[in-house]
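A short worksheet on the structure shown next.
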Amino acid sequence: MFNFNLLVLMNSPFNFIKKRLENLEISTKETAEKIVNLIPNTCPFAREIRLFNRSIFKIPPLCKLNPFYEDLMMLRFRALSFLCEMGEDITPYCQ
């Protein structure tokens with residue numbers, strides 16, 4: 001039988017990092033731009049292998065396996081919202 005205390009200890013680093021990402025304050029335009037540039041808007045791992053214009057197989061996006069994926073996307077969204085509130089054009093960041 002799996003020890004519950006061990007499960008809590010294993011889960012706590014993830015919770016700590018998730019809370020840090022949630023509580024990260026975006027207060028300057030430069031910080032928001034750095035966050036938006038560091039976090040890609042699409043998963044960079046999804047690939048489709050083609051041969052002679054036919055799809056052989058697809059590599060699924062592995063970002064969904066990342067336990068911080070949703071938190072990072074939310075952080076990127078908050079940074080984009082901050083830039084938009086500052087009057088910045090965010091269309092270059094959304095391509």
- Which listed residue, of Leu83, Leu21, Leu72, Leu62, is open to solvent by less than 90 Å² (accessible area, probe 1.4 Å) and at pLDDT below 85: Leu62
- Hey, can you tell me all the residues within the range 60-95 that are assigned to a helix (DSSP H, G or I) and small (Gly, Ala, Ser)? Ala79, Ser81
- Message: Just to check your reading of the model, which residue among Phe45, Phe57, Phe2 is outside any helix (DSSP H, G or I), aromatic (Phe, Trp, Tyr), under 14 Å from the mean Cα position of the chain (by Cα) and at pLDDT below 90?
- Response: Phe45
- Message: If I filter the range 30-59 down to residues being among the small types (Gly, Ala, Ser) and touching a Lys or Arg at 6+ places or on another chain (Cβ under 9 Å), which single residue comes out as surrounded by the most Cβ atoms within 10 Å (Cβ to Cβ)?
- Response: Ala32
- Query: From the set of residues in the range 9-42 that are in a loop (DSSP other than H, G, I, E, B) and hydroxyl-bearing (Ser, Thr, Tyr), which is nearest to the chain's Cα centre (by Cα)?
  - Reply: Thr42
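The values are calculated or read from the model by the stated rules, or taken from the named source; none is laboratory data. It should be emphasised that the depicted structure is a prediction, and the values quoted were computed from it without experimental measurement. Note that we place each Cβ from the backbone using ideal geometry, even for glycine, and neighbour counts take in every protein chain shown. For the accessible areas, the whole protein counts, side chains as well, though only heavy atoms, and no ligand, DNA or RNA atoms are used. Shrake-Rupley method; radii C 1.70, N 1.55, O 1.52, S 1.80 Å.
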